[in-house]
1. Mind checking which pairs have a first residue in region 624-635 that is closer than 13 Å to residue 613 by Cα and in the same structural domain as residue 614 (by TED's automatic domain parsing) and a second that is surrounded by 16 or more Cβ atoms within 10 Å (Cβ to Cβ) and at pLDDT below 80, Cβ under 6 Å, 6 or more apart or different chains?
2. Any chance region 277-284 includes a residue that's within 24 Å of residue 218 (Cα to Cα) and buried (at least 23 other Cβ atoms within 10 Å of the Cβ)?
3. In this structure, does residue 100 turn out to be crowded, with 22+ Cβ neighbours inside 10 Å and under 28 Å from residue 152 (Cα atoms)?
4. Which residue, of 239, 227, 258, is assigned to a helix (DSSP H, G or I) and either modelled with pLDDT under 90 or in contact with a strand residue (DSSP E or B) (Cβ under 8 Å, 6 or more places away or on another chain) (or both)?
5. Confirm whether residue 304 is buried (at least 18 other Cβ atoms within 10 Å of the Cβ), in contact with a helix residue (DSSP H, G or I) (Cβ under 8 Å, 6 or more places away or on another chain), touching a residue at least 24 places away in the same chain (Cβ under 8 Å) and over 23 Å from residue 263 (Cα atoms).
6. Quick check on my filter: what residues within region 231-241 are over 19 Å from the mean Cα position of the chain (by Cα) and closer than 19 Å to residue 279 by Cβ?
7. Any idea how many residues of region 593-634 are more than 37 Å from the chain's Cα centre (by Cα) and not in a helix (DSSP H, G or I)?
8. Which one of 78, 53 is at pLDDT below 85 and closer than 28 Å to residue 198 by Cβ?
């Protein structure tokens, strides 16, 4: 039995799988030589454990079935049940869930008869995990509850941590973020009591996942990087991959596609290395999202289709639904609304079956958006209102943002402009609460801190203790000076504007509560007026900031001898009068230096635009008021306003658009898909 114990220790305690297999083979040879059946069976089981850990799962199954046959002959019910469970786990790792459930359920009887409470708890936990992967959340919670109570009665904290995390994931799928966070925090506290870094890292990632779902991206990224750091310390590839996935998702929500794809591809490669179809499935879905948001629809469809294929192979209902929904969003972006509706409804049917509220709400939003494009605004409103209610229930701010956006479009199409305006204001407030300067700064700081810590650890491993401490001090000092200098330079200019914006965003968030709670019409009108004043101010400030930043960036791209010339050009443009052909040519020459692609972009959007309409847009670009435009062009202010109306018609501007907001849309076109 000594060789078998060494094999078990090597395989499960120190993760030395080659040693595990070697000791098991030696133990098997000795047991066969002396005719010791129990020893032979234990050796076969240990051999299967080592092979399974090395991802040699077919070989592992052969070893387990050999062990099972001998244990049945000897009548050892406890080990018959445990080997059945090992077979079930192997089938689960191969994503063969029906076979896994079959062998777990077969294991219950012999394990119960043997009084093996630990083995019984593991079986119920395993069944609960498969239930979750199949989208059967009610059964998953039921089996996990049985398992965690058994583990608590035994005082087995390590397994309690693991099951807490499984339960939290199920609540996430059900949209119950409060219960999910409660279970994840319970798992973290228990893992800290055990000082188990593997489970601490997992718990941090899962807690960050909840913060991300609630739109608190800086806090989410902070938890993900803490998890990644611990996972790298213990070289836990599965946990490293999980952290990379979550970091990639945060960057995706912020539009940082290069950082998102970098992390998501690391996650995909780890999934391939571990031969985990679940990881490969989810990685393809997230990579597809990144390509979709960059309007790279061929690559988006390629990855969604790859995800759908894997999900169908392993019977992952949640994966099938989310892949179908992703394909629907791509077809929507390509204006193939018939195909889009088909995939949305396919996804919705599965989400309703498995009880995924977040998925149902996202489909409701998507279907509503399609019906708007099909000129069925009344039908669209029904779906969008259902989606909004579910998103409010789950606390998903990004979902509420999307619902308000499309409700505004639906009301506008129905001629209910007052309601459309109210919904548009709510959309803007939620959008600003998800993405603002403070969030972006915190995300950047978290990323920089992780990269700095990682390099510091690598340097420390290569240097002697004293030399390294000195280098660390210098590194920190230099980095601090650089960060302080850079931050000081930027904040010197932006602090004043940022503080005003933060104050206004805070005020807007307070208005959300007032709009939802106050029923008295007089107070509601006052709240709307306050939000309208805020939106007007923030738009004016944002236009000023964007224009100044653009001009500064352009100046910084030239040598010193060019900066004065460009600054003089901008001044001349603002003071010139465009009255004659010669004046116009002079103005056009200077304008092209500053904004070389502007005229081309306008003409590509609307080839039929006239010279006077183009001049109007160019004067808007350099920031002239209506009166200044009239003075510059030598016409009346009314003529300028007439030109603006023609421009609105030709460029399909909305009634709420101002000249500056129209330019912002033209110069920063992104496809938002929900």
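The values are calculated or read from the model by the stated rules, or taken from the named source; none is laboratory data. Predicted, not measured: the structure shown is a model, and the values here were computed from it. Glycine gets a Cβ as well: all are built from the backbone with ideal geometry, and neighbour counts include every protein chain shown.
1. Pairs found: 633/578.
2. Scanning region 277-284 turns up at least one residue that is within 24 Å of residue 218 (Cα to Cα) and buried (at least 23 other Cβ atoms within 10 Å of the Cβ).
3. Numbers: crowded, with 22+ Cβ neighbours inside 10 Å: yes; under 28 Å from residue 152 (Cα atoms): yes.
So residue 100 fits the description; yes.
4. On inspection, the qualifying residue turns out to be 239.
5. Numbers: buried (at least 18 other Cβ atoms within 10 Å of the Cβ): yes; in contact with a helix residue (DSSP H, G or I) (Cβ under 8 Å, 6 or more places away or on another chain): yes; touching a residue at least 24 places away in the same chain (Cβ under 8 Å): yes; over 23 Å from residue 263 (Cα atoms): no.
When the stated conditions are applied, residue 304 does not pass them.
6. 231, 232, 234, 235, 236, 237, listed by residue number.
7. Residues meeting the conditions: 9.
8. Sole residue among the options that is at pLDDT below 85 and closer than 28 Å to residue 198 by Cβ: 53.
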